[in-house]
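J.: Encoded as structure tokens, here's the structure I'll be asking about.
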Number of protein chains: 2
Amino acid sequence: MAVTLKQIADKVGVHPSTVSRVLTGRHENFSVGEALRARILDAAKEMNYVPNELARGLRLQKSHTIGIVVPDILNPLYAGLVRSIEKENINERYSFLICNTDEDQEKEIKHIEMLRNKRMDGLLIVPVQKKMDHIKALWAENYPFVLILRRFEKLTTNAVVMENAQDAYKAVEHLIKLGHRRIGFVRGRRTSYEIQGRERGYRSALAAYHIAVDPRCIVGDGCSADDGYAAAKELIKQSNMPSALLVSENVIIVGVLEALFEAGLSIPYDVSVVSFADMTFSPFFSTPLTTISMPIDQIGKESMQILLKQMASPEIHLGRIKTLSGNFIIRKSTHKAFGS
Amino acid sequence: MAVTLKQIADKVGVHPSTVSRVLTGRHENFSVGEALRARILDAAKEMNYVPNELARGLRLQKSHTIGIVVPDILNPLYAGLVRSIEKENINERYSFLICNTDEDQEKEIKHIEMLRNKRMDGLLIVPVQKKMDHIKALWAENYPFVLILRRFEKLTTNAVVMENAQDAYKAVEHLIKLGHRRIGFVRGRRTSYEIQGRERGYRSALAAYHIAVDPRCIVGDGCSADDGYAAAKELIKQSNMPSALLVSENVIIVGVLEALFEAGLSIPYDVSVVSFADMTFSPFFSTPLTTISMPIDQIGKESMQILLKQMASPEIHLGRIKTLSGNFIIRKSTHKAFGS
DNA sequence: TATCTTGAGGAAAACGTTTTCTAGCAAAGA
DNA sequence: TCTTTGCTAGAAAACGTTTTCCTCAAGATA
């Protein structure tokens with residue numbers, strides 16, 4: 001069906017290799033007469049030649065494609081990440097194959113297997129982090145990849161992560177300084193790297209100000225809006241509900257807001273709220289949200305740059321770990337505690 | 001580097017074709033002894049065999065990949081679309097290569113060229129719609145594809161689109177029935193299919209109720225939040241600003257809200273707002289938004305189903321056009337006009 | 001005149017699969 | 001005993017490129 005080099009060659013009356021050389025512009029150690037060159041170019045255009053990247057890829061051992069594995073592209077955090085990765089794709093050398101895991105470990109494993117089958121030149125992964133054998137395998141085989149937002153303590157791979165503990169610490173400290181003593185933590189997936197870091201920060205901030213941690217103040221385990229909704233409900237029904245909340249993730253906050261709204265609680269008068277969040281919309285919520293927002297553009301940029309370097313020399317383990325801090329932005333959703 | 005069929009074959013002492021047959025499970029017209037079969041399977045596992053999809057693709061003339069071209073994956077509308085397309089990917093037969101055009105026609109042309117080079121089995125496209133030659137070419141060559149949300153009147157390709165005019169009509173009618181007479185239209189990109197349909201609907205609703213269209217009420221041309229912001233500003237500074245607004249697109253509304261907020265205008269008391277929108281967040285804005293929301297899941301599902309059919313028989317032009325209606329959801333951002 | 005360079009292009013292998021065609025051999029049927 | 005059938009497996013071509021190694025003539029050089 002599709003036109004091949006050979007067909008062009010036949011039409012022009014020349015060898016396929018010559019056509020290849022003209023079309024790819026490779027004249028090193030080689031030269032083609034101007035006239036012939038022009039004839040080949042014309043024929044290719046006329047015949048609507050579409051180079052077969054599958055064949056090129058097989059020969060060149062390169063797919064010119066990078067695999068991206070994220071939890072859910074519908075989460076603006078990850079969509080933004082993808083866009084910022086794209087921006088570092090100088091000269092549009094690569095295209096991107098995107099996979100969603102929905103935080104499902106088995107899906108991730110299958111996706112990565114598929115990406116390897118399709119011979120991605122490199123992988124950018126936000127890992128689910130329940131298992132690490134398949135990541136270890138990549139590492140052992142010098143397959144170029146960079147972990148994003150999450151990494152394995154026991155494995156020194158390339159990674160770009162956040163200062164989660166520190167970021168959470170700052171947020172909680174802010175609440176404490178506003179006079180809050182009972183501060184809730186709406187947690188995301190307990191097993192995930194960011195959340196564990198953020199919980200550590202939450203705990204150490206309380207400890208620093210000599211406030212005991214009430215386990216009933218820590219709720220939730222999951223990363224959907226529904227999970228946030230359920231977790232907030234649990235908090236709301238408690239007799240001495242926290243006067244302030246730290247919400248640990250982007251999408252969860254939507255559910256928390258819904259629960260608060262449903263319960264007729266007003267922000268920040270009934271409850272102060274700080275959230276890790278990265279939605280363009282945060283400022284337009286009924287009460288503009290005080291947030292810790294991530295430097296998504298920078299995360300994408302660093303990740304891609306490391307990956308490019310790693311792809312350039314796969315045999316050398318860079319083991320680059322870049323750690324970035326979030327931006328704490330105070331808006332209207334936090335207020336002095338009324339007792340103080 | 002990577003293990004090949006031949007290496008497995010050598011190790012087991014058998015021909016590569018036999019290995020291929022065992023590993024792909026193709027035993028039609030063929031059979032392999034149980035013992036040998038097991039030995040091959042073992043060897044493959046032990047040697048960590050990763051099939052080369054590039055080679056398979058070349059041989060089979062299939063990439064098992066579908067190209068998706070959208071304006072911007074960061075727009076929840078398109079991210080949702082991608083996810084719903086994925087849901088129709090039964091048995092995970094395909095993976096998806098995603099390209100963003102940013103509504104730039106040249107980018108779209110380049111992306112589609114690249115997708116053809118990489119031999120995508122099919123294409124799902126939200127076209128920029130300034131040029132159509134490259135789409136026509138796909139069509140002429142029986143390349144399987146489906147246009148989404150936008151289509152060319154002059155080209156009967158597969159497409160899944162919305163009843164834009166009708167949807168806008170309903171929204172405007174709602175405003176008119178609330179007593180509004182001066183109704184603004186914050187337009188998106190003038191050249192795009194949806195926007196033209198929506199403008200038609202806007203105009204015909206006004207006409208149906210004998211309200212003259214004031215060209216000053218129609219503002220904007222662009223699809224970013226900034227465009228919405230600028231357009232709303234323009235409306236706000238007018239002496240007789242409209243008492244109600246129809247906002248034509250998803251992301252634009254964020255800018256409009258910002259402008260309104262900045263001008264100290266309250267919704268719906270100073271101005272009623274209806275928007276085409278598809279964000280999970282709409283209900284949580286300072287005033288929950290009355291919206292026309294699209295059945296994204298259905299759009300993705302229909303698109304993928306049509307594409308699958310088209311891929312199954314590329315030589316037959318299905319020319320299927322599916323038209324869907326939006327859901328009009330009344331929330332709190334619209335109110336009776338105060339004059340009435 | 002004999003040898004060397006240089007410019008122009010061809011031949012063929014290789015990348016890793018899949019699939020069609022062929023073939024050996026044993027058991028079964030005639 | 002001779003042919004057929006069924007099971008098992010190998011050989012080789014093909015998919016569409018790229019690239020290394022040739023070849024061959026013409027002009028330059030010694």
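J.: For segment A:29-46, what are the residues that are aliphatic (A, V, I, L, M) and loosely packed, with under 11 Cβ neighbours inside 10 Å? If you could, list the steps in order and put the result at the bottom.
T.: Looking only at segment A:29-46, we keep the residues that are aliphatic (A, V, I, L, M), and these are A:32, A:35-36, A:38, A:40-41, A:43-44.
Within segment A:29-46, just A:ALA35 meets the criteria.
J.: Condition first: under 25 Å from A:THR65 (Cβ atoms) and either free of Cβ contacts under 8 Å to residues at least 12 places away in the same chain or not charged (D, E, K, R) (or both). Now tell me which residues in segment A:308-340 satisfy that. Steps first, answer last, please.
T.: To start, the set of residues in segment A:308-340 that are under 25 Å from A:THR65 (Cβ atoms) comprises A:308-320, A:322.
Listed by number, the residues that qualify are A:LEU308, A:LYS309, A:GLN310, A:MET311, A:ALA312, A:SER313, A:PRO314, A:ILE316, A:HIS317, A:LEU318, A:GLY319.
J.: Moving to a separate point now. Which one of these does B:SER303 not meet: (1) in contact (Cβ under 8 Å) with a residue 60 or more places away in the chain; (2) among the hydroxyl-bearing types (Ser, Thr, Tyr); (3) not assigned by TED's automatic domain parsing to the domain that holds B:LEU74?
T.: Just one mismatch for B:SER303, condition (3).
J.: Sticking with this one: Can you name every residue in segment B:191-244 that is assigned to a loop (DSSP other than H, G, I, E, B) and among the basic types (Lys, Arg)?
T.: So in segment B:191-244, the residues assigned to a loop (DSSP other than H, G, I, E, B) come out as B:191-192, B:209-214, B:220-224, B:237-243.
Hit for segment B:191-244 is B:LYS237, nothing else.
J.: Follow-up. Residue check: is A:ILE66 in contact with a strand residue (DSSP E or B) (Cβ under 6 Å, 6 or more places away or on another chain) and either within 9 Å of DNA strand C (Cβ to nearest atom) or closer than 30 Å to A:TRP139 by Cβ (or both)?
T.: Values: in contact with a strand residue (DSSP E or B) (Cβ under 6 Å, 6 or more places away or on another chain): yes; either within 9 Å of DNA strand C (Cβ to nearest atom) or closer than 30 Å to A:TRP139 by Cβ (or both): yes.
Considered against the rule, which asks whether it is in contact with a strand residue (DSSP E or B) (Cβ under 6 Å, 6 or more places away or on another chain) and either within 9 Å of DNA strand C (Cβ to nearest atom) or closer than 30 Å to A:TRP139 by Cβ (or both), A:ILE66 comes out as yes.
J.: Considering each residue of segment B:59-88, count those that are among the aliphatic types (A, V, I, L, M) and closer than 20 Å to A:THR101 by Cβ, and give that number. It would help to see each step written out before you state the result.
T.: Residues of segment B:59-88 among the aliphatic types (A, V, I, L, M): B:60, B:66, B:68-70, B:73-74, B:77, B:79, B:81-82, B:85.
With the extra rule that they be closer than 20 Å to A:THR101 by Cβ, the set shrinks to B:66, B:68, B:73-74, B:79, B:81-82, B:85.
Within segment B:59-88, residues that are among the aliphatic types (A, V, I, L, M) and closer than 20 Å to A:THR101 by Cβ number 8.
J.: Pick from segment B:236-266 the residues that are surrounded by 24 or more Cβ atoms within 10 Å (Cβ to Cβ) and away from chain A (no Cβ under 14 Å): which of them is farthest from B:ALA168 (Cα to Cα)?
T.: B:ALA244
J.: Something else now. So which residues in segment A:76-112 are of a type in the set (Asp, Glu), in a helix (DSSP H, G or I) and either more than 9 Å from every other protein chain (Cβ to nearest Cβ) or open to solvent by 50 Å² or more (accessible area, probe 1.4 Å) (or both), if there are any at all? Spell out how you get there, then give the answer.
T.: Residues of segment A:76-112 that are of a type in the set (Asp, Glu), as a first pass: A:86, A:88, A:92, A:102-104, A:106, A:108.
If we keep only those that are in a helix (DSSP H, G or I) too, we end up with A:86, A:92, A:106, A:108.
Matches in segment A:76-112: A:GLU92, A:GLU106, A:GLU108.
J.: Among the residues that make up segment B:27-46, is at least one of them near DNA strand C (Cβ under 8 Å from one of its atoms) and within 30 Å of B:LEU97 (Cβ to Cβ)?
T.: Keep residues of segment B:27-46 that are near DNA strand C (Cβ under 8 Å from one of its atoms), which gives B:29-30.
In the following step, the residues that additionally are within 30 Å of B:LEU97 (Cβ to Cβ) were identified as none.
No - not one qualifying residue is present in segment B:27-46.
J.: Out of A:LEU115, A:LEU124, which single residue is more than 9 Å from chain B (Cβ to nearest Cβ), closer than 19 Å to A:GLY300 by Cβ and open to solvent by less than 10 Å² (accessible area, probe 1.4 Å)?
T.: Values: A:LEU115 fails: more than 9 Å from chain B (Cβ to nearest Cβ).
Result: A:LEU124 is the single residue among A:LEU115, A:LEU124 that is more than 9 Å from chain B (Cβ to nearest Cβ), closer than 19 Å to A:GLY300 by Cβ and open to solvent by less than 10 Å² (accessible area, probe 1.4 Å).
J.: Among the listed residues A:ALA35, A:ALA55, identify the single one that is of a type outside the set (S, T, N, Q) and at pLDDT below 95. Steps first, answer last, please.
T.: Values: A:ALA55 fails: at pLDDT below 95.
On inspection, the qualifying residue turns out to be A:ALA35.
Results for (1) buried (at least 22 other Cβ atoms within 10 Å of the Cβ); (2) closer than 18 Å to A:SER266 by Cβ, shown as yes or no for each residue.
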site: A:LEU289; (1), (2): yes, yes
site: A:SER293; (1), (2): no, no
site: A:GLN298; (1), (2): no, no
site: A:SER303; (1), (2): yes, no
site: A:LEU307; (1), (2): yes, no
site: A:PRO314; (1), (2): no, no
site: A:LYS322; (1), (2): no, no
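J.: Which number in (1) part of a loop (DSSP other than H, G, I, E, B); (2) free of Cβ contacts under 8 Å to residues at least 24 places away in the same chain; (3) open to solvent by 50 Å² or more (accessible area, probe 1.4 Å) marks the one condition that A:TYR269 misses?
T.: (2)
Conditions (1) free of Cβ contacts under 8 Å to residues at least 12 places away in the same chain; (2) within 16 Å of DNA strand D (Cβ to nearest atom); (3) not assigned by TED's automatic domain parsing to the domain that holds A:SER303, marked per residue:
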residue: A:ALA9; (1), (2), (3): yes, yes, yes
residue: A:SER20; (1), (2), (3): no, yes, yes
residue: A:MET47; (1), (2), (3): no, yes, yes
residue: A:VAL69; (1), (2), (3): no, no, no
residue: A:VAL82; (1), (2), (3): no, no, no
residue: A:ILE90; (1), (2), (3): yes, no, no
residue: A:GLU103; (1), (2), (3): no, no, no
residue: A:LYS110; (1), (2), (3): yes, no, no
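J.: List pairs: first in segment A:233-248 and free of Cβ contacts under 8 Å to residues at least 12 places away in the same chain, second open to solvent by 10 Å² or more (accessible area, probe 1.4 Å) and in a helix (DSSP H, G or I), Cβ under 7 Å, 6+ apart or cross-chain?
T.: Going by the 7 Å Cβ cut-off, there are no qualifying pairs.
J.: Based on this model, can you work out whether A:ARG26 counts as free of Cβ contacts under 8 Å to residues at least 40 places away in the same chain, within 14 Å of DNA strand D (Cβ to nearest atom) and open to solvent by 70 Å² or more (accessible area, probe 1.4 Å)?
T.: Details: free of Cβ contacts under 8 Å to residues at least 40 places away in the same chain: yes; within 14 Å of DNA strand D (Cβ to nearest atom): yes; open to solvent by 70 Å² or more (accessible area, probe 1.4 Å): yes.
When the stated conditions are applied, A:ARG26 passes them.
J.: Another one. Restricting the search to segment A:125-166, which residues are of a type in the set (Val, Ile, Thr), within 21 Å of A:ASN250 (Cα to Cα) and not in a loop (DSSP other than H, G, I, E, B)?
T.: Filtering segment A:125-166 for residues of a type in the set (Val, Ile, Thr) gives A:125-126, A:128, A:135, A:146, A:148, A:156-157, A:160-161.
Subsequent filtering for residues that are within 21 Å of A:ASN250 (Cα to Cα) retains A:125-126, A:128, A:148, A:160-161.
Passing the criteria: A:ILE125, A:ILE148, A:VAL160, A:VAL161.
J.: Among the residues of segment A:165-190, which ones are of a type in the set (Gly, Ala, Ser) and open to solvent by 20 Å² or more (accessible area, probe 1.4 Å)? Quick ask: steps written out before the conclusion?
T.: Of all residues in segment A:165-190, those of a type in the set (Gly, Ala, Ser) come to A:165, A:168, A:171, A:179, A:184, A:188.
Passing the criteria: A:ALA165, A:GLY179.
J.: Name the residues in segment B:1-20 that are within 7 Å of DNA strand C (Cβ to nearest atom), more than 21 Å from A:LEU138 (Cα to Cα) and surrounded by fewer than 16 Cβ atoms within 10 Å (Cβ to Cβ), would you?
T.: B:LYS6, B:PRO16, B:SER17
The values are calculated or read from the model by the stated rules, or taken from the named source; none is laboratory data. Since the model is a prediction, treat every value here as computed from it, not as a measurement. Don't worry about glycine lacking a Cβ; one is built from the backbone with ideal geometry, like all the others, and counts go over all protein chains shown. Protein only, heavy atoms only, side chains kept; ligands, DNA and RNA dropped before computing areas. Shrake-Rupley method; radii C 1.70, N 1.55, O 1.52, S 1.80 Å.
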